Amino acid sequence: MAARDQHGPGAPFGAEQPGDKRNTDFRVVGKPRQKVDGLAKATGALQYADDIALPGMLHAKTLRSPHAHARIVRVDCARALALPGVHAVVTGAEMPIKFGVIPWTQDENALAVDRVRFIGDPVAAVAAVDEDTANAACRLIEVEYELLHAFSDPREALTRAEPAIHADNKHGNVSKHVHLSFGDVDAEIARADVVVEDEYEFHGTTHAPIEPHCAVATYAADGLLTVWSSTQITHYVHRALARVLELPPQRIRVIQPALGGAFGGKSDPFSLEFCVAKLAMKTRRPVKMLYTREEVFYCHRGRHPMQLAYKTGATKDGRVLGVDARILIDGGSYSSFGLVTTYYAGQLLTGPYAFPSYRFDSTRVFTNKPPCGPKRGHGSVQPRFAFEVQLDQVAEKLALDPIEIRRRNFVGEHVTTVNGQRITSNGFLQCLDEVERASGWKARRGQLGYGRGLGVAGSMYISGTNYPVYPNEMPQAGVQLKVDRSGLVTVFTGGNDIGQGSNSVAAYLVAEELGLEVSDVRVVAADTDLCPVDLGAYSSRVTFMVGNATIDAARKLRRQVVKAVAEAWKCAERRVRLIEGRCIDLEDPQRSLPMREAFHIAEARFDTLGATGSYNTPKLGGDYRGGTIGASPAYSFTAHVAEVTVDVETGRITCDKVWVAHDCGRALNPMLVAGQMEGSVYMGLAEALLENHEVNRFGLHSGPNLLDYRIPTSVDTPELAALIVESLDPEGPYGAKEAGEGPLHPILPALSNAVYDAVGIRLKKLPFTPGKVLAALRAARAGGTERATDAASAHSAAARAAKGAH
C-alpha cells in the first residue's frame, strides 16, 4: 500500500520546496523511539497535579448527595464554617451559571443549585487546612431534601416525562433523538434473500485511569486565576471557568500537568475545577482538591449503556442491501457529550462496509445515574458490537466464511459512504488478510475442538472530527515554534498529552523536518498562557490535527533556514538539506554546518527565528442536519481475530490470543502504535469479560472501587499480536491516521463470534459473565441445538473419563 505515497511527507501542504523528503528518506519518523517524557515517568521526576504543593495551600473536599433525585430545600453551612481549620465553604448558589462542553446542552452546575440528580451529585465544597478537617466539615453541613421519583430504567425515562430530571428540557426526559435514513431501506430489505433481525445489549463501563481527578488553583493579588487540572481539554476548561465564574478569559490560566491516564474520562469540565477556583478566590490561598477513587466513579462520563435492535438484509452471495437500527441510550443525569453520542451511535457504522441503504433511530434519555460521556471509541463501540455479531449471523445463514462476507462488502477507498462521509485511504482488506494469515484462520476455524474457537470482527473510526464543538472559523489546532541560538527548538502546542505520546509526536515531526536530533526539540504543551489553542485530546484528533499543524510550522521555518544558507553559500536552494543535525550542500559534501550555525545565519538574515502553523479540516460531511457529526478528514480501519476457550462447566471464557491488524496510515513511531493497539484490545477485553458500571434501581453504585469493579491484571491479559498496516493517507501528517481508539472496537464482537465457533451459542448481551454463558448453553441444549448438545455430551464424557483416569 506504500506505493500510493505520491507526495512524500506532509502532502496536505501540497508541493514542497527543495529539500522535501520521500518516504524512504525518513531519519526520525517510522522508527521505534522512546517518548520524550519516558525517562521522567520511569524515574518519578514527572509532576502530576497531586504532586503540586504550594505555600499555604488548603485542601478541599466535596459534600455529595445521598439521594438519586431530590429537590434541595435548604443548605446550612454554619456548623461547618465554625469548625477550627475550615477557611471557606462554597455552595451552588454562589455559582449558578450552567456549563457543559457542548454549547447547546449546558445543563450542569459546579455544585447543585436546586436539585440533585444522582447519588454522588456534588452539593457543597469545603476548604480547610487538611483533608481530614475538610471531610469533617462536610459532615457538618446540613442539607434538607425533598425526595423525587428516581429513574433507573431508560425505558421508563423514555415514556414517563414527570418528574422531569431537567425541568427546562422541552422533551421530558429525552436528552436527544436522531432519526436519519439514507436510501430506501424497506425496499432493499424486502428484496433481500436473507434477513436477520435481533436485539443486543451493551452495559455501562468506566475508564478507571490510574490517576484520579485532581485540580489546584491560586488567585493572585493582581486578579489572575491559575488552575492546574488533570484534564484532557485545557481549552474548554478555560472557557467554562470564564463562563461560570464570570471572569474575563484573559484573567484565567489553565495548565495541564502530566496526566496519569484519561481515556475520555477527563474530557468534560468537572466540579472540582470550579470549586478550587472559587475557594481560592474566597480565601486568597492556593486550594487543592483530589478525588477519591469512589468519587471518580461518581464523576463517571463512561460508556453509555445501549439497547440495540438491528435488521440486516443481504443477497444470497452476501452483499448487504440494507441495515435498520433502533438504539436506546442511557445517558445518566447530564448531557456531557450526549448530543454527539446520539449521532455517533448511527453515523459511524457506514464503514468499512458498503450499505446501499441505511436507517437509524437513536434516542438518548436522562436517568438518575452518574452521567455518561465519551469513553475510548466514543459512541460507536456499542453499535459496532451489535452489527459485527449480526454480520456473522448473516454469514451463518448463507454458509459464508465470516472473513469472506466482510471482504465482499468492503466499502473501498477514496469513496463517499451512504451517509455522506468521505473516506480517503483504506487498508481494511489488508487488515483482514493479516489477521487471517497470522491466526491460521482457514486451517483452524471450526477445527479446534469443542470449547475452543476463533472469531473475527472489523471496524472504522475517525481521525479527529470536522465538528469543532463550538462553531467558529478558527484553526482546530495551532503550533508555535521558537528557535534558540543554542540550536534548541521549542514547540508550543495546546495539545493534551494524556499518555498516548502526542508531545513525542510533535518532537519527532519537528526533528524530521528540521534535521535535528529529537533531544534538540523541547515541547511545552497545554498551558493556555503560553500555547496556541488546541481543542483537546478527544475523537483521536491529536496526531492528525496537531501533527499537520506542527509540520506546517516546521516547513515555514525550514524555508527560512534553507533560503538564508543558500544565499550565504551562493548556491541554489535545492542543494541545501537539513539532516542529522547538520545543514549540508548536496552537491558539495565538504560544505556543511551544524544546525546551530545554520540557525544563526537565518536569524541574521530574517530576524528572531520562529514560526506558527495550524490545521483546520476541509469541509466535510453530508448536506443534512447532523451531517458533519462523524465526518472526519480520515478514517482508520481495524480487524481482529480472537481465540477463546470456553469452560462449559463453569461458564468462564478465557481469551487465549488476539491478532489485531490496524490501518494507521503511517506509523510515525511503530512502538507507540503497537502500544495503542494492544492497550485498546486490553480495554475492550475488560469490558467484555469483567467490567460493569452497575447502578441499581435505588441509584446506588454496586461497587465504586477497584476491588468490586474488576479490571484485568497482567495475568488476565492474553497474548496480543499487533499487526500494523500502513495505507499512507493523503491528508495525514506524513500519511498518519489515528491509532488510539479504533483498535478497541472489534474485540468485543470478535469474542462473541469466537464463542459461537467454540460452543455454538450467540452472546448478544454484555458483559459475557459465566452465568450468561451457562444460561445460553442450557437454552441451546433445551432447544435441541445439535452442535451444542452433541458436543457438550462428548465433552462431559471426556471430562468424566479424565477424572476416572486420575
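The values are calculated or read from the model by the stated rules, or taken from the named source; none is laboratory data. In this text, all values refer to a predicted model and were calculated from it rather than measured experimentally. Reconstructed Cβ throughout: ideal geometry from the backbone, glycine too, with neighbour counts over all protein chains shown. The protein model used for the area step is the full one, side chains on, heavy atoms only, and it has no ligands, DNA or RNA in it. Shrake-Rupley method; radii C 1.70, N 1.55, O 1.52, S 1.80 Å.
Could you tell me which of the pairs LYS278/LYS737; LYS657/LYS772; LYS41/LYS563 are separated by over 30 angstrom between their Cα atoms in the structure shown?
Beyond 30 Å: LYS278/LYS737; LYS41/LYS563.
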What aspartates and glutamates does LYS266 reach when the alpha-carbon gap must be under 14 Å and sequence neighbours fewer than 8 apart in one chain are set aside?
GLU211, GLU295, ASP497
Rel. contact order, % - alpha carbon contacts under 8 angstrom, at least six apart, the stretch 123-201
13
Taking only protein heavy atoms and a 1.4 Å probe, what accessible area per residue, in Å², does the chain have with all protein chains in place?
36
Starting from the Cα of LYS311, draw a straight line to each of the lysines and keep only those under 18 Å, dropping any in the same chain fewer than 8 residues away.
LYS397, LYS764, LYS765
Pick out, from TYR145, ALA187, PRO122, the residue whose Cα sits farthest towards the positive end of the charge dipole of the stretch 113-192, with +1 on the Cβ of Lys and Arg and -1 on the Cβ of Asp and Glu.
ALA187
Under the definition of Cα pairs under 8 Å and six or more residues apart, what whole-number percent is the relative contact order of the stretch 478-552?
41
In the stretch 416-534, taking the dipole from +1 charges on Lys and Arg beta carbons and -1 charges on Asp and Glu beta carbons about the Cα centre, the listed residue (GLY499, GLY487, PRO471) farthest towards the positive end is GLY499
Descending packing, highest mean Cβ count within 10 Å first, for 121-130, 416-425, 365-374 is 365-374, 121-130, 416-425
Taking only protein heavy atoms and a 1.4 Å probe, the highest-to-lowest accessible-area order of ARG301, ARG191 is ARG191, ARG301
Along the stretch 302-312, what does the Karplus equation 6.51 cos²θ - 1.76 cosθ + 1.60 (θ = phi - 60°) give for ³J(HN,Hα), rounded to whole Hz, x for Gly and Pro?
x, 4, 5, x, 9, 10, 10, 10, 10, 10, 10
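Sort ARG666, ARG407 by accessible area with a 1.4 Å probe, largest first.
Sorted by accessible area, descending: ARG407, ARG666.
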Hey, with R₀ at 41 Å, roughly what FRET efficiency would LYS98 and GLU197 work out to, going by the Cβ-Cβ distance, to 0.05?
0.50
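Report the charge-dipole magnitude of the stretch 304-409 in Debye, nearest 20, computed about the Cα centre from +1 at each Lys and Arg Cβ and -1 at each Asp and Glu Cβ.
Once rounded to the nearest 20, the dipole reads 160 debye.
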Percent of accessible area on the stretch 66-151 owned by carbon and sulfur, 1.4 Å probe?
51
Length gained when the stretch ILE711-GLU162 is fully extended (0.36 nm per residue, less Cα-Cα span):
193.9 nm
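Mind listing which trypsin sites (Lys or Arg not before Pro) in the stretch 532-607 are in a DSSP loop and have 15 or fewer other Cβ atoms within 10 Å?
Those satisfying the criteria are LYS570.
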What does the net charge come to around ARG74 if you take all other residues with beta carbon closer than 15 Å to its beta carbon, with K and R at +1 and D and E at -1?
-2
Three-way shape call for the stretch 460-527 based on the alpha-carbon gyration tensor, with the a/c threshold at 1.5
prolate
Cα-based shape type of the chain, given that a ≥ b ≥ c are square roots of the gyration tensor eigenvalues and the cut on a/c is 1.5
oblate
Can you work out the Karplus-derived ³J(HN,Hα) for every residue in the stretch 566-577? Use 6.51 cos²θ - 1.76 cosθ + 1.60 with θ = phi - 60°, whole Hz, and x for glycine or proline.
4, 5, 5, 8, 6, 9, 6, 4, 5, 7, 8, 10
Roughly how many nanometres apart are two label points built 7 Å out from the Cα toward the Cβ at LYS556 and ARG251?
3.2
Rounded to 0.05, the calculated FRET efficiency for the beta carbons of GLU649 and ALA782 at R₀ = 25 Å is 0.90
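For n ≥ 4 DSSP H runs only, could you compute -39500 (n - 2.57) per run for the chain, divide by its residues and tell me the 222 nm figure to the nearest 500?
Values: 20 runs with 234 residues, N = 806.
Using -39500 (n - 2.57) per qualifying helix, the result is -9000 deg cm²/dmol.
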Sort 625-636, 427-438 by packing, meaning the average of other beta carbons within 10 Å per residue, with the highest value first.
625-636, 427-438
Simple Cβ-charge dipole of the chain, Lys/Arg +1 and Asp/Glu -1, about Cα centre, in debye nearest 20:
40
Note on the stretch 401-529: contact order normalised by length, alpha-carbon pairs under 8 Å, 6 or more apart, percent, works out to 14
